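One structure below.
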Amino acid sequence: MTSYFTPEEGDAFTEIFNIGAGKAALALSELLDAPIVFSVPFCVVLPLDEAVDYFRHRFGADICVVSQDFTGPFDGSALLMFHEASSLALAQAVLHSDEPVQAITELEREALTEIGNIILNACLSSFGDLLEREVATSLPRFLAGPSGAMLRGARGHEIVLVVKVDFSVEGREIEGYVTFVLNVDSVSTFRDAASRLLGRLH
């Protein structure tokens, strides 16, 4: 974590997202009729410009993204970001196909958008549950292109909370990032959620 949050708050964020990952895994297992294992190894908070560089180094040029705006106790945009190879592997699992998927067609876009909707809403609802407030989300959108353009096009332009998400579906190992683009006011609300979880654990 950067100076935006303490190490203890960073640990709390990781735990909150692990709770959300558990919810998402259950929902996706039912949807895909297959066991799914999620893990959240770390999360980090970065200024927007540093986040752009962070993803440029990890993804190269183009990425696949499912994006949603959210409002409620905090406002901003949530993005589930995949390297194209991980997107294709996930689409293959969703479609229960053993044939390699070479490109994202409309069918794959719809499947990946639904997967993103489940994962993003599970993560956001974990924060909303802690704050005892409802989080409203827009309809999910599937996008593909440079990671920098995706981040700069999101609402809220100061701070980016990056959550590493690893999961396996039918033996396929898939790497992704749940990313929240926030304004300064929303950061204090996220800190409140972390404080509430720390209070429950002590």
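The values are calculated or read from the model by the stated rules, or taken from the named source; none is laboratory data. All values reported here derive from a predicted model rather than from experimental measurement. Note: ideal-geometry Cβ built from the backbone for every residue, glycine included; neighbour counts use all protein chains shown.
At a glance:
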item: Filter result (at pLDDT below 80, outside any helix (DSSP H, G or I) and over 16 Å from HIS83 (Cα atoms)) within region 171-202; result: GLY171, ASN183, HIS202
item: Where a residue in region 116-134 is closer than 13 Å to ALA21 by Cβ and its partner, wherever it lies, is basic (Lys, Arg) and assigned to a helix (DSSP H, G or I), with Cβ under 8 Å and at least six apart; result: ALA122/LYS23; SER125/LYS23; SER126/LYS23
item: Criterion: in contact with a Leu (Cβ under 6 Å, 6 or more places away or on another chain), in a helix (DSSP H, G or I), in contact (Cβ under 8 Å) with a residue 24 or more places away in the chain and surrounded by 18 or more Cβ atoms within 10 Å (Cβ to Cβ) - qualifying residue of ALA12, ALA93, ALA78, ALA24; result: ALA12
item: Complete set of residues in region 27-70 that are surrounded by 14 or more Cβ atoms within 10 Å (Cβ to Cβ) and among the small types (Gly, Ala, Ser); result: ALA27, SER29, ALA34, ALA51, SER67
item: Test: residue in region 148-170 that is part of a strand (DSSP E or B) and in contact with a Gly (Cβ under 7 Å, 6 or more places away or on another chain); result: yes
item: Any hit, region 83-103, residues being modelled with pLDDT under 85 and among the β-branched types (Val, Ile, Thr); result: yes
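For every residue, the table says whether it meets (1) over 25 Å from ILE63 (Cα atoms); (2) touching a helix residue (DSSP H, G or I) at 6+ places or on another chain (Cβ under 6 Å).
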| site | (1), (2) |
| --- | --- |
| SER125 | yes, no |
| SER138 | no, no |
| LEU151 | no, yes |
| GLU158 | no, yes |
| ASP166 | no, no |
| TYR177 | no, no |
| PHE190 | yes, no |
